[in-house]
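Undergrad: I have a structure I would like to understand better, so I am pasting it below and will then ask my questions one at a time.
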Amino acid sequence: MMQTTGEQLQIELRFESNPSDREALRELLLSTGFFYAHEIDVAIELLDDRLSKGEKSEYYFIFADVGGKMAGYVCYGPITVTEHRFDMYWIGVHQAWRGRGIGGQLLKAAEDRMRALNGAYVYVETSSRPLYEPTRKFYEKNGYPLVARIPHFYADDDDRMVYMKALR
């Protein structure tokens, strides 16, 4: 449960994926207005990897459910060929639930899980497009300094912004 200003919001964090999450995740990501169709397809592919491989998957998920519906999620995993480093691949909150602290709760839960897996650092990347300004501020507010900017990475005039946080 999480306390929010003026109301009590019942959030259930769920660590297991199930097949019904596919459509709920697609709808959540569409609602944000942030992602291209091909990006959403990649997010679903990562979920499919987890669903098919189970614990052998390198992708971990945490879902924030409100009233039995997916309100947010985070996907993270270890970075192959590194020592105790993790990528946070996706974090998203359904448009209907944004601004209620769900993203912060998911971020903290993912960091706690990465620490439990002996994680030392977590990296996250995002776009430099103006649309992503709130995303960049979210990471900075939560202790993720900008450590790299790769010009024209995603497209002309769309840089890759890399943030990092020490977990130990």
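The values are calculated or read from the model by the stated rules, or taken from the named source; none is laboratory data. The model shown is predicted, which means the values in this text are computed figures rather than measured ones. Glycine also receives a Cβ, built like all others from the backbone with ideal geometry; neighbour counts cover every protein chain displayed.
Undergrad: What tally of residues in the range 99-113 results from selecting those that are among the acidic types (Asp, Glu) and surrounded by fewer than 20 Cβ atoms within 10 Å (Cβ to Cβ)?
TA: So the count comes out to 1.
Undergrad: Among the listed residues TYR89, TYR121, identify the single one that is in contact with a Gly (Cβ under 9 Å, 6 or more places away or on another chain), surrounded by fewer than 21 Cβ atoms within 10 Å (Cβ to Cβ), of a type in the set (Phe, Trp, Tyr) and over 17 Å from LEU9 (Cβ atoms).
TA: Numbers: TYR121 fails: in contact with a Gly (Cβ under 9 Å, 6 or more places away or on another chain).
Of TYR89, TYR121, the one residue that is in contact with a Gly (Cβ under 9 Å, 6 or more places away or on another chain), surrounded by fewer than 21 Cβ atoms within 10 Å (Cβ to Cβ), of a type in the set (Phe, Trp, Tyr) and over 17 Å from LEU9 (Cβ atoms) is TYR89.
Undergrad: Pairs needed: first member in the range 150-168, closer than 21 Å to LYS108 by Cα and surrounded by 11 or more Cβ atoms within 10 Å (Cβ to Cβ); second member anywhere, basic (Lys, Arg) and modelled with pLDDT of 95 or more; C-beta distance under 7 Å; at least 6 residues apart or different chains.
TA: MET161/ARG136; MET161/ARG149; LEU167/ARG115
Undergrad: Out of the residues in the range 52-73 that are of a type outside the set (Lys, Arg) and not in a strand (DSSP E or B), which is nearest to the chain's Cα centre (by Cα)?
TA: TYR59
Undergrad: Filter the range 19-42 for residues that are part of a loop (DSSP other than H, G, I, E, B), of a type outside the set (Ser, Thr, Tyr) and farther than 17 Å from GLN95 by Cα and give the result.
TA: If the condition is that a residue be part of a loop (DSSP other than H, G, I, E, B), of a type outside the set (Ser, Thr, Tyr) and farther than 17 Å from GLN95 by Cα, then PRO19 is the only one that fits.
Undergrad: Are there any pairs, at least 6 apart or on different chains, whose C-beta atoms fall under 8 Å, with the first in the range 8-22 and among the polar types (S, T, N, Q) and the second outside any loop (DSSP other than H, G, I, E, B) and surrounded by 15 or more Cβ atoms within 10 Å (Cβ to Cβ), and if so, which?
TA: Pairs that qualify, where the first residue is among the polar types (S, T, N, Q) and the partner is outside any loop (DSSP other than H, G, I, E, B) and surrounded by 15 or more Cβ atoms within 10 Å (Cβ to Cβ), are GLN10/VAL66; SER17/LEU47; SER17/ARG50; SER17/LEU51; SER17/PHE61; SER17/PHE63; ASN18/LEU51.
Undergrad: Just the residues that are at pLDDT below 95 and either loosely packed, with under 15 Cβ neighbours inside 10 Å or among the polar types (S, T, N, Q) (or both), please, taken from the range 1-31.
TA: Answer for the range 1-31, where residues must be at pLDDT below 95 and either loosely packed, with under 15 Cβ neighbours inside 10 Å or among the polar types (S, T, N, Q) (or both): MET1, GLN3, THR4, THR5, GLY6, GLU7, GLN8, GLN10.
Undergrad: Here is a further query. Name every residue in the range 99-137 that is under 23 Å from VAL42 (Cβ atoms) and either touching a helix residue (DSSP H, G or I) at 6+ places or on another chain (Cβ under 7 Å) or free of Cβ contacts under 8 Å to residues at least 12 places away in the same chain (or both), in order of residue number.
TA: Passing the criteria: GLY103, VAL122, VAL124, THR126, PRO130, GLU133, PRO134.
Undergrad: Still on this structure: Checking the structure you have, find out if any residue of the range 93-105 is closer than 22 Å to SER17 by Cα and in a strand (DSSP E or B).
TA: Yes, the range 93-105 contains a residue that is closer than 22 Å to SER17 by Cα and in a strand (DSSP E or B).
Undergrad: What is the residue count in the range 32-69 for residues that are farther than 24 Å from GLU133 by Cβ and exposed (fewer than 15 other Cβ atoms within 10 Å of the Cβ)? Walk me through how you get there before you give the answer.
TA: Pass one, the range 32-69, residues farther than 24 Å from GLU133 by Cβ: 41, 44-63, 65-69.
Next cut, exposed (fewer than 15 other Cβ atoms within 10 Å of the Cβ) only: 41, 45, 52-56, 58, 67-69.
Of the residues in the range 32-69, 11 are farther than 24 Å from GLU133 by Cβ and exposed (fewer than 15 other Cβ atoms within 10 Å of the Cβ).
Undergrad: Given the conditions (1) under 21 Å from TYR139 (Cα atoms); (2) of a type outside the set (Ser, Thr, Tyr); (3) loosely packed, with under 12 Cβ neighbours inside 10 Å; (4) free of Cβ contacts under 8 Å to residues at least 12 places away in the same chain, and given that ALA96 satisfies all but one, which numbered condition is not satisfied?
TA: Answer for ALA96: the failing condition is (4).
Undergrad: Considering each of GLU16, GLU45 in turn, give the residue that is assigned to a helix (DSSP H, G or I), out of contact with any helix residue (DSSP H, G or I) (no Cβ under 6 Å at 6 or more places or on another chain) and more than 18 Å from PHE138 (Cβ to Cβ).
TA: GLU45
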